[in-house]
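The next block holds one structure in the form of structure tokens; read it before the comments.
The values are calculated or read from the model by the stated rules, or taken from the named source; none is laboratory data. What you see is a predicted model; the values in this text were computed from it and never measured. Heads up, the Cβs are rebuilt from the backbone with ideal geometry, glycines too, and the neighbour counts pull from every protein chain shown.
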Amino acid sequence: MTMKTRNIMNWLWRFCLAAGLACSLVTLPQPGFAQTTKKPAPKSGQQPSMGACCSMRADPNVDPRELVRHAADAEMENEKKAKTYTYIQRSETKKMDGDGKVTSTESETSEVMVLYGEHVERLIAKNDQPLSAKDAAKVEEKINKFMSDRKNETDEQRKKRLADEQKSEEQEKSYVSEIADAYNFTIDGVEKLNGRDTYKISAEPRPGFEPKSRFAKFLPKFHFKVWIDKDDKQWVKMDAEALGDASYGLFLFRIHKNSRFSLEQTRVNDEVWLPLHVHGRIDARILIFKSLNEELDFTYKDYKKFRSEVKFGPTEPVTQR
């Protein structure tokens, strides 16, 4: 995945996470919300893909706006807990031509570790093939540099870094607080996903919404359907679609109308909801001149609680879980 593509996906991911969303893959050419694509049967020990059934009426006294508000707040806590988990991430990028035909497909698989309290990726495969010795050495070099930078960080540098992180977190909280005010919500019913009851909610931009935070100005550009777990009041699944062009930065990139993305989350260790699958179909323009037409797919598995900070050697980590 190119850095520009990663930057765009990070922006979409920020929208999703800030709203507390996570999801399943969709196909895009047709109008309205996307259909969930078929996925292969899960391997032994792996959580199955989300499947909806048994739609029923919801309690008319349930306020969908309050459900969304509660779930968005809960997602902030999920993000904090997620920092204590390691996992395997696979990303796949399909580049499309103007007619929507796939011209190339690339994938990367990474181990996501916890180092100095942060998630750090160790690339372990490209196109589902192990890295060459040369490429693996480059990966280790980058990881060792990160560890060296953290180890030798001065008190002043650490203070500034933590202050920047705190500022970013406060901005995200401010953004999250506007989610519930930016839309009109309708409960479509109660559906079962993975055997759990969820509220299925439609969200349409609320006329007259005036964003207060910088990122909230993008909210009216999207509508979505979201499934909230009835017991945990957590986001479980979301399908979203761009209603109009959405720009990030002055000339960085512009997401075009009808771009779509969707996500699923899964319950881990009965304590946290974490990403299971993220998919995006992006029609965008970068720096005014370059078009981007790609389908992006992320899958996450093997979540494990990281329980202690340990030292890593030049090749393989030794963890205590």
Filtering the range 204-215 down to residues that are of a type outside the set (Ser, Thr, Tyr) and more than 10 Å from ASP181 (Cα to Cα), which residue is surrounded by the fewest Cβ atoms within 10 Å (Cβ to Cβ)?
GLY208
Determine whether the range 270-277 contains at least one residue that is modelled with pLDDT of 80 or more, charged (D, E, K, R) and either assigned to a loop (DSSP other than H, G, I, E, B) or in contact with a Pro (Cβ under 8 Å, 6 or more places away or on another chain) (or both).
yes
Go through the range 174-187 and give me each residue that's surrounded by fewer than 16 Cβ atoms within 10 Å (Cβ to Cβ) and either in contact with a Lys or Arg (Cβ under 8 Å, 6 or more places away or on another chain) or on the phi > 0 side of the Ramachandran plot (or both).
SER174, ASN184
Unmet requirement for ARG90, which otherwise passes all of (1) of a type in the set (Lys, Arg); (2) in contact with an Asp or Glu (Cβ under 8 Å, 6 or more places away or on another chain); (3) outside any strand (DSSP E or B):
(3)
Test: residue in the range 163-174 that is closer than 23 Å to TRP273 by Cα, in contact (Cβ under 8 Å) with a residue 40 or more places away in the chain, part of a helix (DSSP H, G or I) and touching a helix residue (DSSP H, G or I) at 6+ places or on another chain (Cβ under 6 Å)
yes
Single condition GLU140 does not satisfy, out of (1) touching a Ser or Thr at 6+ places or on another chain (Cβ under 8 Å); (2) at pLDDT below 95; (3) more than 22 Å from HIS277 (Cα to Cα):
(2)
Tell me whether the range 108-117 contains one or more residues that are part of a strand (DSSP E or B), free of Cβ contacts under 8 Å to residues at least 24 places away in the same chain and of a type outside the set (Lys, Arg).
yes
